[in-house]
1. So which residues in the stretch 227-253 are over 24 Å from Thr85 (Cβ atoms) and in a helix (DSSP H, G or I)?
2. For the structure I just gave you, tell me whether Val250 is open to solvent by less than 70 Å² (accessible area, probe 1.4 Å), out of contact with any Leu (no Cβ under 7 Å at 6 or more places or on another chain) and modelled with pLDDT of 85 or more.
3. Which of the residues that make up the stretch 282-323 are hydroxyl-bearing (Ser, Thr, Tyr) and either at pLDDT 90 or above or surrounded by fewer than 24 Cβ atoms within 10 Å (Cβ to Cβ) (or both)?
4. Among the hydrophobic types (A, V, I, L, M, F, W, C) and either within 20 Å of the chain's Cα centre (by Cα) or open to solvent by less than 60 Å² (accessible area, probe 1.4 Å) (or both): does that describe Leu242?
5. Looking at Ala114, is it at pLDDT below 90 and closer than 22 Å to Met266 by Cα?
6. Can you confirm whether Thr131 is assigned to a helix (DSSP H, G or I), modelled with pLDDT under 95 and either of a type in the set (Val, Ile, Thr) or in contact with a Lys or Arg (Cβ under 7 Å, 6 or more places away or on another chain) (or both)?
7. Residues of the stretch 105-117 being within 14 Å of Ile37 (Cβ to Cβ) and assigned to a helix (DSSP H, G or I), which ones?
Amino acid sequence: MYPNGQRPPSAVPLGLGVMGAGVAAGAFLVGAVMTIIAHRDGGEFSRDDTIGTVLVVETGVVTGLLLVFALGLILLGRDAGRSGTVWIGVAALPWTLILPVTLASLADSESHPAGFRTLATVTALVCGGATLFGLTVAMVALGIPPGRRWLAERVLARPEPGWPSAPIVAAGRRFVLSAVFGVGGCAALLVLTPLATTGSDGSLAAMITWTVVLVLFVALPQALGLWGARLARRGRRGGANLARAAGVFVVYGLEIFMVLGVWDAMAGVAEDAVLPGPVTLVLAVLLTCVVVLALVQWVAGLAALADPRSERFMRSGGLTPVQ
């Protein structure tokens with residue numbers, strides 16, 4: 001099976017990646033819990049502090065659970081977990097700085113006991129370092145060829161039910177779902193923003209800015225990703241590379257609108273809402289969940305393109321399986 005004295009691929013890089021992702025997941029969840037405690041026990045906070053808390057908690061919990069889910073896929077021998085972890089790391093990397101900064105600022109309140117302030121500050125530093133270290137290790141170890149080979153060998157050993165491979169077919173479907181949820185959810189949040197409160201930034205200039213962001217960072221990259229997935233299904237590796245390049249913009253573009261959704265949800269709590277407060281809050285939460293789902297579907301599509309069976313299909317030019 002391994003001619004010319006070649007050794008079987010080592011599982012060490014994969015193990016390092018799993019360890020790093022586990023550390024990052026735990027740190028995100030701990031940071032989110034500590035942020036809730038710091039905000040709840042910290043007395044009166046400004047609206048900006050409340051929005052920052054909601055953003056950090058939402059991101060920490062969602063990222064932590066997604067990483068746990070991806071680790072479960074890896075343990076089940078699914079390559080989607082490996083590739084998904086890399087892209088989750090790309091999406092969450094900026095939050096490795098935002099989480100500790102927000103937590104430390106909440107802890108720096110005179111209403112907290114001195115011991116709690118020290119504990120929360122130390123937790124913020126540890127969580128920030130652990131998330132950055134864990135994600136970096138996971139992204140490098142699971143992204144480089146040695147980190148892919150051990151799992152790829154086992155994925156390719158499974159019988160292929162059809163041609164083209166199932167993952168590359170699934171990639172296009174996931175991109176389509178992501179485009180529908182992403183563009184639809186973001187556009188709906190734009191409509192909701194001026195209706196959130198009379199004091200919300202629903203001015204014409206702000207709406208134009210949000211619309212430009214929607215077109216340049218969500219709609220256009222998703223269209224390029226769909227085109228790339230179509231090219232990849234024809235056996236062209238350049239199509240997968242195009243989808244990956246566009247995916248960076250999609251990931252961060254959708255995150256921007258997740259922030260807008262949280263802002264609209266917090267605005268719905270105010271008493272000067274144009275729409276009834278509970279209606280605004282429910283709509284903002286639902287639409288934010290739709291945007292999160294779009295992000296998850298996009299990452300799942302990128303993971304499908306990176307599957308070893310998809311790589312084998314594209315190396316063959318889409319003609320015949322490579323033995």
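1. Looking only at the stretch 227-253, we keep the residues that are over 24 Å from Thr85 (Cβ atoms), and these are 227, 230-231, 233-236, 238.
Listed by number, the residues that qualify are Trp227, Arg230, Leu231, Arg233, Gly238.
2. Values: open to solvent by less than 70 Å² (accessible area, probe 1.4 Å): yes; out of contact with any Leu (no Cβ under 7 Å at 6 or more places or on another chain): yes; modelled with pLDDT of 85 or more: yes.
Against the criterion (open to solvent by less than 70 Å² (accessible area, probe 1.4 Å), out of contact with any Leu (no Cβ under 7 Å at 6 or more places or on another chain) and modelled with pLDDT of 85 or more), Val250 qualifies.
3. Residues of the stretch 282-323 that are hydroxyl-bearing (Ser, Thr, Tyr), as a first pass: 288, 310, 316, 320.
Once the filter is applied, which keeps residues that are hydroxyl-bearing (Ser, Thr, Tyr) and either at pLDDT 90 or above or surrounded by fewer than 24 Cβ atoms within 10 Å (Cβ to Cβ) (or both), the stretch 282-323 yields Thr288, Ser316, Thr320.
4. So Leu242 passes the test.
5. Numbers: at pLDDT below 90: yes; closer than 22 Å to Met266 by Cα: no.
Judged against the criteria, Ala114 is not a match.
6. Details: assigned to a helix (DSSP H, G or I): yes; modelled with pLDDT under 95: no; either of a type in the set (Val, Ile, Thr) or in contact with a Lys or Arg (Cβ under 7 Å, 6 or more places away or on another chain) (or both): yes.
Considered against the rule, which asks whether it is assigned to a helix (DSSP H, G or I), modelled with pLDDT under 95 and either of a type in the set (Val, Ile, Thr) or in contact with a Lys or Arg (Cβ under 7 Å, 6 or more places away or on another chain) (or both), Thr131 comes out as no.
7. Within the stretch 105-117, the subset within 14 Å of Ile37 (Cβ to Cβ) is 106-107, 109, 111-113, 115-117.
Result: Leu106, Ala107, Gly115, Phe116, Arg117.
Results for (1) farther than 27 Å from Gln297 by Cβ; (2) open to solvent by less than 10 Å² (accessible area, probe 1.4 Å); (3) basic (Lys, Arg); (4) in a helix (DSSP H, G or I), shown as yes or no for each residue.
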residue: Ile37; (1), (2), (3), (4): yes, no, no, yes
residue: Val57; (1), (2), (3), (4): no, no, no, yes
residue: Val61; (1), (2), (3), (4): no, no, no, yes
residue: Ser83; (1), (2), (3), (4): no, yes, no, yes
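The values are calculated or read from the model by the stated rules, or taken from the named source; none is laboratory data. What you are looking at is a predicted structure, and each value in this text was computed from that prediction instead of being measured. Virtual Cβ from ideal backbone geometry, glycine too; neighbours counted across all protein chains shown. Only protein heavy atoms, including side chains, enter the accessible area calculation; ligands, DNA and RNA are left aside. Shrake-Rupley method; radii C 1.70, N 1.55, O 1.52, S 1.80 Å.
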